[in-house]
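Comments concern the structure below.
The values are calculated or read from the model by the stated rules, or taken from the named source; none is laboratory data. Owing to the predicted nature of the structure, the values given are computational and were not obtained by experimental measurement. Virtual Cβ from ideal backbone geometry, glycine too; neighbours counted across all protein chains shown.
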Amino acid sequence: MHPTSVSDAVRLRAPRWDLFCRVVDHLGDAAIGWRLARQLAREHGLRPRLWIDRPEVLGELVPGAVPGIEIDGVAIERWDDDDPRLATPAPESVADVVVALLAGTPPDGYRAAMRVRRPVWVAYEYLSAEPWVASCHGLPSPKADGLVEHFFFPGFEPGTGGLLRECDLPDRIEAFDTDPAARHAFLASIGVASEPHTRFAALLCYPDSPVAALLDAFAARPERWRALLPPALHRTGRYHPVALEVPFVPQHDYDRLLGCCDLVFVRGEDSFVRALWSGRPMVWQIYRQAELAHRPKLQAFLAHWIRVAAPPEAAAAALKALHAAWNGTEPASDTPPLDTALHAVLDSLGALRDAAGRWRRLQAEHPDAASSLVAFIERRL
Ligand code: TRH
C-alpha cells in the first residue's frame, strides 16, 4: 500500500465505497471495475464493494471471483435490483462514496436511500483523449431529487483523471523487461517455446476482424512471426500456421503476456491501457459505435500519442495507416490494404518501440486514475 495523507483522510472519513458495474458486452466493463476497486483497496486502504450484474464475466478475468467473497480487499457482490440490500437498504448501509461505472447509474431503491444518507456520488466515465474531456472532468450534475452526481473522466492530459496504473506497475514491467529467463518461463507456462529469432505479436480483437488476412501479412515477412491468440480468436484465424493458441490468462498475468511480445494488438479500454504501459508498439481496435462516433476518439488518441511519444514521421504515418486499416475508420480511398499497412509498421518497429518507451516514461509522471479519484473525493467530503 502507498498511503498518502489524502488516502488517510478519505479512509478516515469515507472508507466504505460501493462501485456499480453493468456489463454491456465483452470484458472491459468488468475489467475496469475490478482494476479500480482493487487499487482502491490495496493502495488506499478503502473498503470497496464491487456490485456487478454479470459476475461470471469477472470470473473469467479473476479466477475464483464469485459473489459473496472478498479478493484482494474487494467484496464482490451480484448486482440484482431485487436484492434487499439494493432494493430497500437502510440509509446507514449506503456507502460513503458511490461510484457508478461507465455510464451506469445506481439502482433505484439504493438511490432512494442515497437521498437520506447523501454519499459522494461519482460517475466514472469511459476513457477518451478528446479535448473536451478536461473541460468536463469534475463537473457536477445536480438532479431533481437534490442529489448531485460528479463526473470523473479518466484521460491522458493534465486536468483529466489520468489512467489506471497500479503503483508497482512500472517496477514490475521494468523487472520483467530486463529478465529474459522470466519471459521464457512465462511463455513456457502458457505452452509457447521461445525459439531464437522468433518475434511475437499478441492479438486481442473483436471476433469479426480480418484475423486471417492479418496473419497472412505476418507470414509474408522475412522475419519469423508468431501471433499469440486466445482460444476463441484462434478459431476465427482458421488455425493459421503463424498463429499459436494460448490460454486466456488471468488479468494479473496479462501484462506479462504483453511483455513477451514485440507488437501488441488490443481493443476496448483496459487492454488498450495495459498495452500502452507495456511500452510495446501497439495497435488499438477501438470499440465501435454507431455512425462512426468512435472515429474522433481514435484520431484524438493517435494525435496525443504521436505528440507525446514523438516517433519519426514515417513511423507515425505507418502507425496511423495501420490503425485506419485495422479499424476501418477512414474512407477506403485513404486506407492502405492491411498487409501494406502492417509491413510499414513492422519496418518501423524499432523506432516505434523507442517512442512507446518515451510515452510510458512521460505519462507515468501524471497521477494514476485511482489516486486522482481518491483526491477528487477528498475535495468533496
Ligand atoms: O473486452 P473489451 O472489448 O471491453 C470493452 C467492452 O466491450 C465494453 O462494453 C466497452 O465499454 C469497453 O470495451 C470500452 O476490451 P478490454 O477493455 O480491453 O477488456 C479486455 C480484458 O481482458 C482486459 O482486462 C485484458 C483481459 N485479458 C486477460 O485478462 N487475459 C487474456 O488472456 C486476454 C487476451 C485479455
Subject >> Matching entry among Asp270, Asp208, Asp216 (being within 13 Å of the ligand (Cβ to nearest atom) and surrounded by fewer than 18 Cβ atoms within 10 Å (Cβ to Cβ)) >> reply: Asp208
Original post:
What are the residue pairs meeting all of these: first residue in the range 35-47, first residue in a loop (DSSP other than H, G, I, E, B), second residue away from the ligand (no atom under 16 Å from the Cβ) and among the β-branched types (Val, Ile, Thr), Cβ atoms under 9 Å, and 6 or more apart or on different chains?
Top reply: Gly45/Val10; Leu46/Val10; Leu46/Val97; Leu46/Val374
Subject >> Those residues of the range 48-75 which are touching a strand residue (DSSP E or B) at 6+ places or on another chain (Cβ under 7 Å) and either within 16 Å of the ligand (Cβ to nearest atom) or at pLDDT below 95 (or both), in sequence order >> reply: Leu50, Ile52, Pro55, Leu58, Val62, Gly64, Ala65, Val74
**OP:** Check whether at least one residue in the range 197-210 is farther than 19 Å from Val283 by Cα, in contact with a Lys or Arg (Cβ under 9 Å, 6 or more places away or on another chain) and modelled with pLDDT of 95 or more, and report yes or no.
**Re:** yes
Original post:
Among the residues of the range 132-157 satisfying the criterion of being within 19 Å of the chain's Cα centre (by Cα) and touching a residue at least 60 places away in the same chain (Cβ under 8 Å), which is surrounded by the most Cβ atoms within 10 Å (Cβ to Cβ)?
Top reply: Pro154
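Okay, residues lined up against (1) in a helix (DSSP H, G or I); (2) out of contact with any Leu (no Cβ under 6 Å at 6 or more places or on another chain); (3) free of Cβ contacts under 8 Å to residues at least 40 places away in the same chain:
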site: Ala217; (1), (2), (3): yes, no, no
site: Ala227; (1), (2), (3): no, no, yes
site: Val249; (1), (2), (3): no, no, no
site: Val273; (1), (2), (3): yes, no, no
site: Val283; (1), (2), (3): no, no, no
site: Arg288; (1), (2), (3): no, yes, no
site: Leu302; (1), (2), (3): yes, yes, yes
site: Arg307; (1), (2), (3): yes, yes, yes
site: Ala317; (1), (2), (3): yes, yes, yes
